[in-house]
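A short write-up of the structure that comes next.
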Amino acid sequence: MPQLNSVYRHREFQDLLTLSGYERAGGWNGLKATLEMTPDDALYAFHRSGLRGRGGAGFPMGRKASFLPVDSGKPTYVVCNADESEPGTFKDREILDKNPFQLIEGVAIASYGVGCERAYIYVRGEYGHQWDVLERAIAECRAAGHLGPDAFGPGAAFDITLYRGAGAYICGEETALLESLEGKRGQPRLKPPYPAVAGLYDCPTLINNVETLAALPPIMHRGADWYSAIGPEKSPGTKIFSVSGHVLKPGNYEIVMGETTLRDLIFNLAGGLRDGREFKACWPGGSSVPVLTAEHLDTPLDYESLASAGSFLGSGGCIVMDDSGCIVRASWRLAHFYRHESCGKCTPCREGTGWLEKILGRMVHGEGRLEDLAMLESLFGRISGRTLCALADGAVAPVQSALELFRDDFERVIEQGGSPVPEPMGVINA
Amino acid sequence: MTAHEISEFLAPIRHEFPDQRSLILPALRFAQEEQGWLPQGAMAAVAEATGYSQAYVESVASFYDRLYTEPVGRRVISVCTTLSCMLRGSDELLAHVAANIGTDGEGTSADGMFTLQRAECLGACDRAPCLQVDSNDQQGPLTHDAADAIIGALRADGAPTRYDR
């Protein structure tokens, strides 16, 4: 059950909140190695490492970087998505809290590769503490010359601007994030054009998640071949899973992809369930993915295996529910989330998420009818795949899969006249 | 907050944004620090400092949950009620906090000291059930007694000198 702290360097070394501490832990070795290459060779190394985007979509990072045109005549931007808001996901928060310099180094490495002189880190508004940590780290980097007019060598400038969101899940969607960063309402754009061609200020833009960029320093220091040899061929490297809900040791676990099963993650690393409780369900990749049952517990944790099991690796936010929980109530709570966070731009999402919440709500509160199940089923295809961004698909996936896998539970809740409020797990000091 | 004060705040960061429209969000956040919400005067000052119309500035502000276009209490308490927190008792925590500060669920206490709101996932599911005061670090896992202690300490603190929401 291999754990490997590559992104979570702070779990191996002390004092990573100071620049000197980070240097003692091998900090900047990745950037130094990168600066000895041509930008093209750096891009090729990203590609060869096999690193895939850790924000949720899993798109190969090196390929994404290679889509940026080199001859656009415009500036090129790197944007780091630190708008971590996917329910069940708190992995980036720990990087920002405890290992900010590795993120800064990763942003610098990506920026050198694509020829960017100013990168932006968009931090979710609620992460006030994390913002303060990052602000201090950037100030320290500027004072030491790691950022500024000669960051990449004499006369080769590079700097990072921090940008603070103000509370909107949708701003984690890359084009909504760019809109927000441009001073607009955070609503997604029509794609194409993709950000690689026309992103921030209509310029070529590479946008990546915190964990993706923080993975780069060890890759560039130890080599793309080192990284690509870890884990399965199509899903190499390490991935951080955030485990929460009905487990005894909720927390973040950085593991080698493909070598740990869902069962190991939940029952060994995250401490398992309370005595006398049985596993009921989990959402393995944040809440926007299909739910899995006990039958799927032996699935290895990598992109392909989770997709074969009918779900997605997503952001790696694994929410666990034991048999004290009610799948209908859980689905209703998630539907509330998506209804609240829908930006309202696309009608199928704006209206559809409202209907999902309303129908599930009446089931939970004893006003459901058996016909409601058919009505729910008729909604899924009218919402999913009919909008500009993936929020609507994310709203449908957990509900649709729950109805498919736990239909008996839905029928029982309707027939019993509602979902009783369970005794909450509460605070447990494992 | 005057347009002049906002302009002074923006001066050192203007060069970091090729399009000055990007300054609206930082300007709104800065303007909110004074009173903890954005009255019409603050919107007008942001509009003047950034060169956009007040109507446009308000259209941006109204999109974001953490920019308040109505008055709120001296402290905003956000109790996360999304799934991971719900499984660990967030609904009960929300009801307990409401009873402590004397609101009927979400809302502002009669003395204007607190606004309680249910929040969507705060990114602290390992601390479930959790709450956040303004945009301070998320606190949890919280027993009801621990929540009472947090509220008691806030009452003793009085008003903050600047509001970071």
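A few points about this structure:
- Checking each residue in region B:134-152 for being of a type in the set (Val, Ile, Thr) and either crowded, with 24+ Cβ neighbours inside 10 Å or more than 10 Å from every other protein chain (Cβ to nearest Cβ) (or both) picks out B:Ile150, B:Ile151.
- Here A:Leu405 meets the list (1) in contact with a Pro (Cβ under 7 Å, 6 or more places away or on another chain); (2) among the aliphatic types (A, V, I, L, M); (3) away from chain B (no Cβ under 14 Å) almost entirely, failing just condition (1).
- Any chance B:Val76 is farther than 25 Å from A:Glu423 by Cβ, at pLDDT 95 or above, more than 8 Å from every other protein chain (Cβ to nearest Cβ) and in a strand (DSSP E or B): yes
- Extreme residue, nearest to A:Ser342 (Cα to Cα), among residues of region A:189-225 that are within 14 Å of another protein chain (Cβ to nearest Cβ) and touching a Lys or Arg at 6+ places or on another chain (Cβ under 7 Å): A:Asn209
- Filter result for B:Ile6 (among the β-branched types (Val, Ile, Thr), under 25 Å from A:Thr76 (Cα atoms) and either modelled with pLDDT of 95 or more or surrounded by 14 or more Cβ atoms within 10 Å (Cβ to Cβ) (or both)): no
- Residues that are farther than 15 Å from A:Val427 by Cα, out of contact with any Leu (no Cβ under 6 Å at 6 or more places or on another chain) and of a type in the set (Ser, Thr, Tyr), drawn from region B:82-105: B:Thr82
- In region A:58-84, the residues that are touching a residue at least 40 places away in the same chain (Cβ under 8 Å) and surrounded by fewer than 19 Cβ atoms within 10 Å (Cβ to Cβ): A:Phe67, A:Pro69, A:Val70, A:Ser72, A:Lys74, A:Pro75
- Listed here are the helices (runs of 4 or more DSSP H) enclosed by region A:261-378 that have at least 1 residues being free of Cβ contacts under 8 Å to residues at least 60 places away in the same chain and outside the structural domain of A:Phe410 (by TED's automatic domain parsing): A:303-308.
- Residues that are over 21 Å from the mean Cα position of the chain (by Cα) and either buried (at least 22 other Cβ atoms within 10 Å of the Cβ) or within 10 Å of another protein chain (Cβ to nearest Cβ) (or both) within region A:331-348 comprise A:Trp332, A:Gly344, listed in sequence order.
- Among the residues making up region A:26-52, those that are closer than 30 Å to A:Gly394 by Cα and crowded, with 21+ Cβ neighbours inside 10 Å are A:Phe46, A:Ser49, A:Gly50, A:Leu51, A:Arg52.
- Checking region B:29-37 against the condition returns a match, with at least one residue being under 27 Å from B:Phe114 (Cβ atoms), in a loop (DSSP other than H, G, I, E, B), touching a residue at least 24 places away in the same chain (Cβ under 8 Å) and in contact with a Pro (Cβ under 9 Å, 6 or more places away or on another chain).
- Among the residues making up region B:79-106, those that are within 8 Å of another protein chain (Cβ to nearest Cβ) and not hydroxyl-bearing (Ser, Thr, Tyr) are B:Leu83, B:Met86, B:Leu87, B:Arg88, B:Gly89, B:Asp91, B:Glu92.
- Neighbours by Cβ (under 6 Å, 6+ apart or cross-chain): first from region A:399-414, modelled with pLDDT of 95 or more; second of a type in the set (Gly, Ala, Ser): A:Val399/A:Ser331; A:Ala402/A:Ser331; A:Val413/A:Ser419; A:Ile414/A:Gly368
Here's the yes/no breakdown for (1) in contact with a Leu (Cβ under 7 Å, 6 or more places away or on another chain); (2) surrounded by 23 or more Cβ atoms within 10 Å (Cβ to Cβ); (3) at pLDDT 95 or above:
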position: A:Arg185; (1), (2), (3): no, no, yes
position: A:Leu190; (1), (2), (3): yes, no, yes
position: A:Tyr194; (1), (2), (3): no, no, yes
position: A:Leu200; (1), (2), (3): yes, yes, yes
position: A:Asn209; (1), (2), (3): no, yes, yes
position: A:Ala215; (1), (2), (3): yes, yes, yes
position: A:Trp226; (1), (2), (3): no, no, yes
position: A:His246; (1), (2), (3): yes, yes, yes
position: A:Phe267; (1), (2), (3): no, no, yes
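- Filtered residues of region B:112-152 (kept if within 18 Å of A:Gly167 (Cβ to Cβ) and in a loop (DSSP other than H, G, I, E, B)): B:Glu120, B:Cys121, B:Leu122, B:Gly123, B:Ala124, B:Cys130, B:Asp134, B:Ser135, B:Asn136, B:Asp137, B:Gln138
- Residue count, region A:281-301 (criterion: buried (at least 24 other Cβ atoms within 10 Å of the Cβ) and over 16 Å from A:Pro87 (Cα atoms)): 1
The values are calculated or read from the model by the stated rules, or taken from the named source; none is laboratory data. Quantities reported herein were computed from a predicted structural model and do not represent experimental measurements. All Cβ positions, even for glycine, are placed from backbone atoms using ideal geometry, and neighbour counts span all protein chains on display.
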